[in-house]
Amino acid sequence: MQNITTALKKLFYLWKRSQVPIKQSIKISKIDKLIIFLICILISIISSYKLLLISPLTLSGFFSWLFTFTEALISSGILILVSKKENPKITSRQIILIITLLLTVQAIKLTLASGLSPLSMIIPPALIISQGMGSITALAWVSIASLSWTDQANTINNNLFLISLVCASVVSVLGGRIRSRAQLLQLSFFVPIGAFFSQWILIGTDKISLIDNQEFVFDNGKIFSDSLLLAIVMLFTILFIPIFESIFGLLTKARLLELADKEKPLIRRLSLEAPGTFEHTLLICGLAEEATRMIGGDIDLVKTGALYHDVGKLHAPNWFIENQDGSKNPHDEIDDPIKSAEVLQAHVDEGLKYARKNRLPIPIANFIPEHQGTLKMGYFFQKAKEKNLKINENAFRYKGPIPQSKETAILMLADGCEAALRAMNINATDIEALETISKIINSRQKDGQLVNSDLSLGELFLIKRAFLSVWKRIRHRRIQYPTTKNNTFS
């Protein structure tokens, strides 16, 4: 019996360790909380105030207003919770954007409900939210924005409302997956066409008018007018998305792909002034991308973050071994481990300066310090011990912070494994390579670098296999081709 109990305890312990840690959300300041709460109150007031205008106001009418007010307030709270659940690192500015869009739609709905189609009110905000914060948050927003629309069933055709809801849901799902501005333009073209034909089928052709009077745009009874207005609003939304990215810190797939362009000035400088670092960066990109794909992480984020993680080495490229030609090493000339450690830390500090100067988004800039975490600069620490210097170990550790996401943690592991794997003998076996990878990853884990990364033991296992897979691809023999005086072979 005791053996069974012990075995169960071990199984429970292993199961508990294998689970993904609970991710801590970003703390929101009291002022931001107050602003968010006041906007939620405004949404509730706008959604319910008409019930107070009924004369005479009865007790049942008051309770009806109270119920509607509370329902809108709770719905706003649920929307915030869903957004924080999908993206624990969501900022207060982004939450304010979500509920402000909800407030705007509620206000427009009351003032222009009889003249403006719900297509043009629901779909554009859904596109913004899905691009910047994910499909689940966008779907939740669409659901909550549509909740009280049934109160105005007398002014909105039920089929039109259904079409609006379906189109908004489609945009929410596709918007979270779209990876370029060109695809956004395609969406702004095909969704209005789909809405047009859906109205034609479900509502009828009796209200189609290509040329109308002054109510051509603001008339939700005109099928062509609804679809044209939707197309125009979606185009303007796409034009303004970069502004939303800048103001509210949104990081869309399209923005990530633009930043990953190797002709960007900062990346181009890295390739010219620190070619060894650039080559090292490309190899790390391959490792990190494969590992992120294996665990289902954000591939575009880790690939772009990897490109910028070592830009700080531009401040002194020749101080890093990968950029040296073997003739001299500045670290040997100064012969001071403490100053050498300061140079290593400077590549993180300078990298953050480059990030601010080039206006890199915060999630990308986070890769610069977090890929080093608080790791020990072991080589120079050992040098200092050999010189019998009175030192503090913390002076030979990076300032951190340690990785706060799966993607930055993967980059840290890839950074550690890249040099070790490249240095391995070409005849090394898969088992030897896996042992090397496991040793490096386990050392990072024991050093406490991964405690905030949200990586489970199962995901760490998959990361090891991914690194091994990449190593097997890049490790290959080349045969020696015969050459003659006048001819070569390829």
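The values are calculated or read from the model by the stated rules, or taken from the named source; none is laboratory data. These numbers come from a predicted model, not from an experiment. Because the Cβ atoms are built from the backbone with ideal geometry, glycine has one as well, and the counts that use them run over all protein chains shown.
Which condition does Pro330 not pass, out of (1) modelled with pLDDT under 90; (2) under 21 Å from Leu282 (Cβ atoms), if it passes all the others? Pro330 satisfies every listed condition except (2). Can you tell me which residue in region 444-474 is surrounded by the fewest Cβ atoms within 10 Å (Cβ to Cβ), limited to those that are among the charged types (D, E, K, R), modelled with pLDDT of 90 or more and part of a helix (DSSP H, G or I)? The extreme case among them is Lys446. All told, Leu287 meets the bar of being within 15 Å of Lys464 (Cα to Cα), in contact (Cβ under 8 Å) with a residue 40 or more places away in the chain, among the aliphatic types (A, V, I, L, M) and part of a helix (DSSP H, G or I). Taking region 116-197 as the region of interest, the helices (runs of 4 or more DSSP H) fully inside it that hold 3 or more residues being at pLDDT 90 or above and surrounded by fewer than 24 Cβ atoms within 10 Å (Cβ to Cβ) are 135-146, 158-175. Residues in region 240-296 that are crowded, with 16+ Cβ neighbours inside 10 Å and at positive phi: 1 in all. Taking the conditions (1) under 16 Å from the mean Cα position of the chain (by Cα); (2) touching a residue at least 60 places away in the same chain (Cβ under 8 Å); (3) surrounded by fewer than 18 Cβ atoms within 10 Å (Cβ to Cβ) in turn, Glu86 satisfies each one other than (2). Of the residues making up region 366-411, just one is of a type in the set (D, E, K, R), more than 21 Å from Gly296 (Cβ to Cβ) and under 25 Å from the mean Cα position of the chain (by Cα), namely Lys399. The residue pairs whose first member lies in region 48-63 and is assigned by TED's automatic domain parsing to the domain that holds Ser76, whose second member is assigned to a helix (DSSP H, G or I) and hydroxyl-bearing (Ser, Thr, Tyr), and whose beta carbons are closer than 7 Å, counting only pairs six or more residues apart or on different chains, are Ser48/Thr68; Leu51/Ser64; Leu51/Thr68. Does region 374-389 include one or more residues that are farther than 21 Å from Glu322 by Cα and modelled with pLDDT of 90 or more? Yes, some residue in region 374-389 is farther than 21 Å from Glu322 by Cα and modelled with pLDDT of 90 or more. Restricting attention to region 245-266, does a residue exist that is farther than 29 Å from Ile90 by Cα and in contact with a Lys or Arg (Cβ under 9 Å, 6 or more places away or on another chain)? No.
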